[in-house]
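All remarks here apply to the structure that follows.
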Amino acid sequence: MLPLVRELVCGSDNELFEDGWRNSTNIPQVSNCGQHTDFSSIPTIFIAIFSTIVFYQLYESRNAHLRSYSPISLRIILCCLLLIDLSATVIYDFTLRFTNSPIYDPIHLYGDIVQYAGFSLVLVLTIACRNRGITTSGVITLYWLLVVVCGVPELRYYLSGYYYEEYKIEPCRAALYIVSFIFSSLELFLCCFADTPSNGYIGKNSCPEYTASFLNQLTFEWFSGLAYLGNKKSLEKEDLWDLNERDKAENLIPSFMQNLKPEVERHRKMIKKNPESTDPKFHPSILTPIFKTYKFTLLAGGCYKLMFDLLQFVAPELLRQLISFIEDKNQPMWIGVSIALLMFLSSLIQSMILHQYFHEMFRLGMNIRSVLTSAVYSKTLNLSNEARKGKTTGAIVNLMSVDIQRIQDMTTFIMLFWSAPLQILLSLYFLWKLLGASVLAGFIILILLIPFNSWISVKMRNCQMEQMKYKDERIKMMSETLNGMKVLKLYSWEKSMEKMILDIREKEIRVLKKLSYLNAATTLSWACAPFLVAVLTFGLYVLWDPENNILTPQITFVALALFNILRFPLAVFAMVFSQAVQCAASNTRLREFFAAEEMAPQSSIAYGGTESSVKIDDGSFAWGSKEEDKSLHNISFDIKRGQLVAVVGRVGSGKSSLLHALLGEMNKLSGSVQVNGSVAYVPQQAWIQNLSLRNNILFNKTYDEKLYRQVIESCALVQDLESLPAEDRTEIGEKGINLSGGQKQRVSLARAVYQNSEIVLLDDPLSAVDSHVGKHIFENVISSATGCLATKTRILVTHGLTYLKHCDKVIVLKDGTISEMGTYQELMNSNGAFAEFLEEFLLEESKHRGRSISFGEDSKEVDEILRDLDQVSPSIRQRIQSQMSQEIDRVDEKNAEIVSNGHQRKESAQSPVVKSDEKEALLGPKTKEKTPEPPKQAKTQLIEREAVETGKVKFEIYMSYFRAIGMLIALVFFLVYVASSVLGVFSNLYLARWSDDAKRIALAGNVSASETYVRLGVYAMLGMGQAISVCMASVIMALGMVRASRLLHGGLLHNMMRSPMAFFDVTPLGRILNRFGKDIEAVDQTLPHSIRAMVMTIFNVISTVVVIIWATPWAGIAFFVLGLIYFVVLDVDGVDTEIPRSMAMFIRTAEQSVGILAIILWATPLAISVLLPLLIVYIIVLRFYVSTSRQLKRLESASRSPIYSHFQESIQGASSIRAYGVVDKFVKESQHRVDENLATYYPSIVANRWLAVRLEMVGNLIVLSAAGAAVYFRDSPGLSAGLVGLSVSYALNITQTLNWAVRMTSELETNIVAVERIKEYTITPTEGNNSLVFAASTWPEKGDIFIKNFSVRYRPGLELVLHEVSAHVEPSEKVGIVGRTGAGKSSLTLALFRIIEADGGCIEIDGVNIADLQLEQLRSRLTIVPQDPVLFSGTLRMNLDPFEAFNDDRIWEALRNAHLESFVNSLQDGLSHKISEGGENLSVGQRQLICLARALLRKTKVLVLDEAAAAVDVETDSLLQKTIREQFKECTVLTIAHRLNTVMDSDRLLVLDKGRVAEFDTPKRLLANPDGIFYSMAKDANVL
């Protein structure tokens, strides 16, 4: 277009430069025509085209106008002055025209008017930017740069004319122009500074990116502050900037959800129409919404990439010109200098564009992670039960930690799908121009590789899917193991669980091995490809026409430069392929997840209007979606506002299911449900969050002092708060680890009361609390007469019958349907199922003379029920009473049998003082760790734990990884790589020699075909050798890394299984799972890839250095100097005391040495003096980067754990979250945690860009120096065109190598941190290391327990919980252990199993000191029925007998004795029945019975019963007591009693008080002592 304009404006005299410019020894002048057409038009055309970008920015901007005293005001003034100056010039032009002056030239007028248009547009844009608050504009900055650059020739013209007086100039025009040029330069200078908005209070922590100038944004200079800080000290969370507003989840999610919802809706409609269409290809797409949401970002990225790709082909053309310049000694020097400068400029522009591209893409990846994490979280909270069944916690956490990460990683590669083919096609096009048809041979090879790689990629995708399946399974198993760790230790089942996990891991390793072979195959194909292409193309070219086709340096090295461009897309294609394969697998899993069914919205929730509060008409409900899954059927009832309704029934009759049906958690198959009002829900197993106690109760509601105090008192929490270190601000650990079961249940109840909802659903909340606390809660909370919920509608599921008379209605459930309903009196009269129920209850009561079930009923209440019964049916009353008196007589005869065993209790039911022993133990350290300001403290504590490692990744970590691979394997790997590099270097040097010789031989005219064949053969051999050795290295390393994966995971698992309980009490499970998930994933897949790429890069760099030394042997001295400087700089600064530096740093040194040397050392070693300062700057930049980047990675890893912890917590409490209607608040919290994580991730991606821009600057200077040196020394004798070609083509390549090396190095550092984190948990202390004695195989034979002066504390530095306890339990004696809360009852049993180790004294069983025994043996020879019924996913058989030590007959016998035989027989698979995660598919009562069956199977001489009978009904409970009496007659039984009535018939009672033995005697004697502790406790519990 511009030449056309020149012709129109200038006529025949339209040359750009002056005549004869090619042979001019000086730099030629631009012609008058060129200056005023081309050079005036370029800036104006630029601003006209790109002003649209500025208009878009103005449209989008929400900022206030800029401050009036910022640089923009000065720029507006200057722009106005420029317009005045130009106006004066135009007036001058017109004056000359109208006066017909001989010096008038229309060209000047054209140029001035075009410039005027540009200036006017820029003035308008600048004023608009000020008004709309645009702090900096790249378009305007570039415009002024163009104005200045295009104005230089005219400035030179005027100045030369003035100084040298070679020609006459117009003084008026010259003066006006020089003033205009000065103003334009000032404009450019002012554009380098950003402006500030008038409302621009910039917080200390707000990110400076958007307030930085265009130049700073281009070079990432705004990040330098953080880099300097990171070099001075180890960065902490507080040092980082907040996330930019545009990257925060709340601003990103709405637009994404807008695009995702239609996809999900479409899928839902399709399923409704055709339920069979569950084919994965119909699942809602994830990528379409992502594309729609971020289309502009992707478009911008595409433009950057296209510009970069096109600029790559400028360098080979310039190289061609440079070689011809070297060969033709007659060309003037300025041409060579121009070529060198153009090479530098094109490299510089490429660097700037590339890093803007990467920055955009990494940010896009970060945004995608943010929106997908939020979408997965929201979806999880809304999954239906059917869908939830198929998705374990592990699988969903994997979606978050692995799959979303993979889609995020894909963003940086996504453009390569079109960019790589484009680069390949362009390379081939230019090669065709250079070498003709012989290029086709190379092209055919590339085409042939495509099907081969497609086949491999399909294989790889299948492997990926398989590996993810095993990984999910392993994480699920691990999650359960960690959750049930205490039970595993008590049963001594660690080895069994470890074996199960390792079996899954072995399957995973097998798949990894297969994957690594496939990876080696792709590496081979892509490593061979560029080389084969070169050999075949050169070979065919030479053989085609040996006379004319001569491999001159010009052809050889331009072709090599093009082959190098070709090599990159090909090499990277393999990586993109494997990334795409992983991404496709993850996309499939995410699509499947989003296709899962969600909760049906509650059928009818109305507010006010009706009298009914809760109403069901003929409802049938199922946990699944099918008819056969039905759990409740024919349910109809109508509950009025303000009524208290009790739901009773046996274990498994559907009581909890009924509440879930009301909450909408179950699928409604028929009928209608009405819930009129807001709902609060107290689940059977309390769900506690990892927050302060107060926040657990407030549950997102605002704090109301008066209401809060009332709730605390009503729920009997006052004394508990006093016992906590920071009262209600104490942070509660994961799953309420530092609260007892009773406390958890009361906190859960307090939460429901505080919500002040109209309907309260209570799922057996009184079962886990002591009798008098139960009474207190009933009276103060639940009761219609005196409770604080008196005006609300209450539905209470209960096993306690004494308060039924206080209820307005009682619903009796039997086998999933309502068998009876009415008031207490009506049910008594009807003499149906309810009367049977009562009968069982009374008999049970009489056995224990008023033993409590849920409340402290005394004999008066039993009498009351008997009186009620008398009114209904005197005959039944008489029958029952006679049975009762027989029972009482039998008990009085003292039959030396324990009754109270096996009573299920949630985590130690406690009295209101509650401070259970375990809790007290835990609170010891909590007090130290946590100040009363919990939220903040939690944060610092987490970071402190995770950021123990600061500073460099220790060399030891790299070494431990290499040891895991195997030192021999690593060594062979390196040697093979060395071999491949040596071959590569030789092949290139050989080519240089060949091309120089070819030129000489051709000139002499004696070309020999045989010589050509030999040379070609040697070249081909060298290349093939290189390709084969690369493949061998890949296979060797792959196998070594799979071995390392196995060892690291094995070591971590082994250590976790043997860590003491104290470790799990203070370490959040999310943090441990993060090691098993994310970090093992890094070791399995990312790290091997990083190391392979890293090593390739190192050797590329080293081979460059070797080439240089070869060319100029005494460059070796320079190397020595460089090495010296490097270590001196490092040591003087105290950066590293030891010389072995982490592998990554060594690599960077290698790159950098190359970098600098790749240039010079050819031409002249003297140039090194110029480059020393450059080298020092380079090292400093690297040091800043390494320290900052590494610490940012650690912070990022640490801030990832809370996302998963919160996520797991939410999955566990999903039903509560939905019931309370706070799903949105939890989604917000999740988003907040993701933002916190991204605030640490964003600086780390910017750090990579910051370094890369600076590194590439060095690379670009290398290009300048290499080309410059070649130009300057072209006349020196040793410098041939071949050497220059080799030198400069290497230098051109070095920029890309350095850039790639930066990515690989930072990736390696990032991923080696995974090894560091795994290592951290492989060296934590384990238990039982000093006790290795084995007892006899029959030990213990008698069960004689002798406790001698026994003291114990939970962890060093804490108070003793037992002080010099001494007691002797005779063989087969039944002893009850009692004491007030915190007396040390549980501590004693924990000490018996050595969960906590002795601090003084000892415990002997049958004369053997248990402290000396091997732990596994000790625990396997004792039996316990624990408080918490913990089951693991797997078969029922595995849960009873994980070591397969018993045959089926023994197992069935145990089930029969545990009253589970009929239940197990009713299951389709019997003993092979699959138990779901955590035993979710069994009721709590059934789980408790399975725990009893375990004890019956083991049946050792010592049995410990942690009493808990709350979750079983009266009848089952009585059967349990009977079983325990009969089966454990010969055993020593210790019962920890939380309710006195249960141990009244023990042989003796051990009464503990504050960790000491207070009394130890028969119950009768203890009750006879009115001053004793036991007497006062019995009085309190109404047992007397």
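Overview of values
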item: 1.4 Å probe accessible area per residue over segment 1205-1265, in Å²; result: 25 Å²
item: Charge tally in the Cβ shell below 12 Å around Asp728, where Lys, Arg are +1 and Asp, Glu are -1, Asp728 excluded; result: -2
item: Per residue accessible area in Å² of segment 957-1031, where ligands, DNA and RNA are left out and the probe is 1.4 Å; result: 46 Å²
item: Between segment 705-764 and segment 1189-1250, the Cα center-to-center distance that results, in Å; result: 27 Å
item: Portion, in percent, of the accessible area of segment 673-746 that falls on carbon or sulfur, probe 1.4 Å; result: 45 percent
item: Equivalent ellipsoid semi-axes, segment 1060-1102, via Cα gyration tensor eigenvalues times 5, rooted, Å; result: 36, 10, 6
item: Per DSSP, loop chymotrypsin sites (Phe, Trp or Tyr not before Pro) in segment 69-105 with at most 13 further Cβ within 10 Å; result: Tyr69
item: Volume per residue that the Cα convex hull of segment 523-567 spans, once the total is divided by residue count, Å³; result: 53 Å³
item: Within the accessible area of segment 23-133 (1.4 Å probe), percent carbon and sulfur; result: 67 percent
item: Accessible area of Trp623 in the full protein assembly, 1.4 Å probe (Å², nearest 10); result: 80 Å²
item: Highest-first arrangement of 691-698, 1373-1380, where packing means the average Cβ count within 10 Å; result: 1373-1380, 691-698
item: For segment 273-322, accessible area per residue (1.4 Å probe, heavy atoms of protein chains only), Å²; result: 53 Å²
item: Square roots of five times the Cα gyration tensor eigenvalues for segment 1178-1251, Å; result: 37, 10, 5
item: Gyration tensor verdict on segment 203-326 (Cα atoms; rounded if a/c is under 1.5, prolate if a/b is larger than b/c, oblate otherwise); result: oblate
item: Cα-Cα over 24 Å, subset of Lys775/Lys814; Lys735/Lys792; Lys281/Lys391; Lys237/Lys1078; result: Lys775/Lys814; Lys735/Lys792
item: Cβ crowding within 10 Å averaged over residues, with 1524-1536, 1457-1469 ranked highest first; result: 1524-1536, 1457-1469
item: Cα gyration tensor category, rounded, prolate or oblate, for segment 438-481 with a/c compared to 1.5; result: prolate
item: Per-residue SASA entry for Phe1273, accessible area with 1.4 Å probe, Å² rounded to 10; result: 60 Å²
item: Of all accessible heavy-atom area on segment 135-291, the percent that carbon and sulfur account for (1.4 Å); result: 62 percent
item: Debye-sum result for segment 587-737 in log10 I(q)/I(0), which assumes one identical scatterer on each alpha carbon, at q = 0.11, 0.15, 0.20 Å⁻¹; result: -0.65, -1.02, -1.21
item: Descending semi-axes in Å of segment 474-553, equivalent ellipsoid built from Cα gyration tensor; result: 62, 9, 7
item: Quarter of Cα convex hull surface for segment 343-493, i.e. mean projection, nm²; result: 15.3 nm²
item: Convex hull (Cα only) mean projected area of segment 708-789, reported in nm² to one decimal; result: 5.4 nm²
item: Packing rank of 207-213, 361-367, where each peptide gets the mean count of other beta carbons within 10 Å, highest leading; result: 361-367, 207-213
item: Efficiency of FRET between Lys1529 and Ile1323 - r from beta-carbon atoms, R0 56 angstrom, step 0.05; result: 0.75
item: Nearest-10 value in Å² for the accessible area of Trp222, using the 1.4 Å probe; result: 20 Å²
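The values are calculated or read from the model by the stated rules, or taken from the named source; none is laboratory data. On a predicted model such as this, the values are computed, not experimentally measured, just so you know. Reconstructed Cβ throughout: ideal geometry from the backbone, glycine too, with neighbour counts over all protein chains shown. Ligands, DNA and RNA are stripped out before the accessible areas are found, and what is left, the full protein with its side chains, is counted by its heavy atoms. Shrake-Rupley method; radii C 1.70, N 1.55, O 1.52, S 1.80 Å.
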